[in-house]
Amino acid sequence: MTTEEKNPEVKTTMNCILIKPGQDPEICVLPNNPLEQVQAIGDILGGNFASARLFDLGDNKSLHILVNDFAVPLGLMANRRFPGADNEEIIFGNAIFVAMDDEHSDQGPMDITEEVCNYFIEQLKINLLPCKGDEKPDPKHEIFIENYGTPEQRSFKWVEIEKPEKVDEFIAAGRAKLIKHPEYEVIEINGRYFKQVTVSTTQGPVQ
């Protein structure tokens, strides 16, 4: 017997919104359990993920977008464009939209009723226009910066490589693995391998 069957007032799932490339937004159901929720989000997005505040909903609530944080190196398909002046900014891969309480963000996403989900879906259709699917990321979005603002600041990009000879020694990083390599940093994600290549620029997202 499930928790909901034992106590009908206890809800073990929550609603959010999912947009896949080439498809309309849809209601998506996630587990309420934090560990199961993170697992489910990782499954949908295909790896580790990052969150960004998208819209203010009022009353200290906001709509956040969750995306694969390695979407550009992985070459995920173009999905939607941001509105207005940010029209050149593209979402790559699947995107999940969740409501958050800004004063209690440590409690995780909030449930959204189906009625409110459907309202948000219509707003997302209007504000996030679909891509054709063959758009490529701006080269500057391939560049990451570590140790930002310090003497050790460094810019780099991830370049896909063949599987290294030795991959047994690694540090787990969510759904990725940081492979020990004598010459350069290597990351494995979804069975693919990438190495860090230093580039001579200061532009790029802060890692």
Quick one: is residue 74 closer than 30 Å to residue 197 by Cβ, touching a residue at least 60 places away in the same chain (Cβ under 8 Å) and not aromatic (Phe, Trp, Tyr)?
yes
Segment 108-149, residues that are outside any loop (DSSP other than H, G, I, E, B), among the hydrophobic types (A, V, I, L, M, F, W, C) and in contact (Cβ under 8 Å) with a residue 40 or more places away in the chain:
110, 117, 120, 121, 124, 129, 143, 144, 145
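Would you be able to say whether some residue in segment 90-100 is buried (at least 17 other Cβ atoms within 10 Å of the Cβ) and not in a strand (DSSP E or B)?
To start, the set of residues in segment 90-100 that are buried (at least 17 other Cβ atoms within 10 Å of the Cβ) comprises 90-100.
So of that shortlist, the ones also not in a strand (DSSP E or B) come out as 93-94.
The answer is yes, given that some residue of segment 90-100 is buried (at least 17 other Cβ atoms within 10 Å of the Cβ) and not in a strand (DSSP E or B).
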Taking the residues in segment 66-80 that are in a helix (DSSP H, G or I) and of a type in the set (A, V, I, L, M) as candidates, determine which candidate is nearest to the chain's Cα centre (by Cα).
71
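Under the condition of being polar (S, T, N, Q) and more than 19 Å from the chain's Cα centre (by Cα), which residue from segment 104-126 is farthest from residue 37 (Cα to Cα)? Show your work before the answer.
First, the residues of segment 104-126 that are polar (S, T, N, Q): 105, 107, 113, 118, 123.
Within this subset, residues satisfying the condition of being more than 19 Å from the chain's Cα centre (by Cα) are 113, 118, 123.
On the way: 113: 18, 118: 22, 123: 25 Å.
Among them, the one singled out is 123.
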I'd like to know if segment 153-162 contains one or more residues that are among the hydroxyl-bearing types (Ser, Thr, Tyr) and not assigned by TED's automatic domain parsing to the domain that holds residue 27.
yes
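Here's the yes/no breakdown for (1) in contact with a helix residue (DSSP H, G or I) (Cβ under 7 Å, 6 or more places away or on another chain); (2) surrounded by fewer than 17 Cβ atoms within 10 Å (Cβ to Cβ):
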position	(1), (2)
131	no, no
137	yes, yes
145	no, no
152	no, yes
162	no, yes
173	no, yes
177	no, no
180	no, yes
186	no, no
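The values are calculated or read from the model by the stated rules, or taken from the named source; none is laboratory data. Given the structure is predicted, the values throughout are model-derived calculations rather than measurements. Neighbour counts run over all protein chains shown; Cβ positions are idealised from the backbone, glycine included.
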